[in-house]
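J.: One structure, as C-alpha cells, below. Some questions next.
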C-alpha cells in the first residue's frame, strides 16, 4: 500500500478540493442522470463501495440513491463512498448523493479551470 492509496488499494482523493465553480458545473452535468447505485437495507457494505467504484470507472459522475429503509442518511453514505472510492461528493439533494472521480487515463467530463 502506498501513501496515495487507502486500505482497499483505491486511489485517495487529491489534496486539492474541487472549487465551487467546478462543483456547480458537475451538479449541472448530473441533473439528467438517473441513480446507478442504491443504498438499501444492508447499508454501507464493501460490495456497495465496489459497485460505486465500477460505476465511477465507467461514468466518472454518478448519482447514488439512499432508499428510505437504509440505516444511514445521505451525508453518511456520501462521505463513506467518497472515502472508499477516492471520489468527491459534489452535491446531495433529497435522498440523492452525487459523486465524481476523474478517470486517470481517459477523462470524459471536462472540468472548468480553477
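J.: Which residue, 31, 84, 59, has the most motion in a Gaussian network model of the chain that connects Cα atoms within less than 10 Å?
T.: Judging by the Gaussian network model, the answer is 31.
J.: If you build a Gaussian network model of the chain, linking Cα atoms that sit under 10 Å apart, which residue out of 43, 94, 28 swings the most?
T.: 94
J.: Among 72, 90, rank each residue by its count of other Cβ atoms within 10 Å, from fewest to most, as a rough exposure measure.
T.: 72, 90
J.: Oh, and also: For the chain, set up a GNM with springs between Cα atoms under 10 Å and report which of 40, 91, 78 has the largest fluctuation.
T.: Between 40, 91, 78, it is 40 that shows the largest mean-square fluctuation.
J.: Antiparallel as a % of all DSSP beta bridges within the range 20-100, to the nearest 5?
T.: Rounded to the nearest five, the antiparallel share is 75 percent.
J.: Report the full-extension gain for the segment residue 16 to residue 42: residue separation times 0.36 nm, less the Cα-Cα distance, to one decimal in nm.
T.: Net length gain for the segment: 6.1 nm.
J.: Taking the C-alpha atoms of the chain, how large are the radius of gyration and the largest Cα-Cα span, Dmax, in Å?
T.: Here Rg and the maximum Cα pair distance are 13.4, 40 Å.
J.: Quick check on the exposure proxy: order 50, 60, 68 from fewest to most C-beta atoms within 10 angstrom.
T.: With the fewest neighbours first, 50, 60, 68 line up as 68, 50, 60.
A short reminder: the numbers here are calculations on the coordinates, not readings from a lab. These figures come from a predicted structure and were not determined experimentally. With ideal geometry, Cβ positions are generated from the backbone for all residues, glycine too; neighbour counts draw on all protein chains shown.
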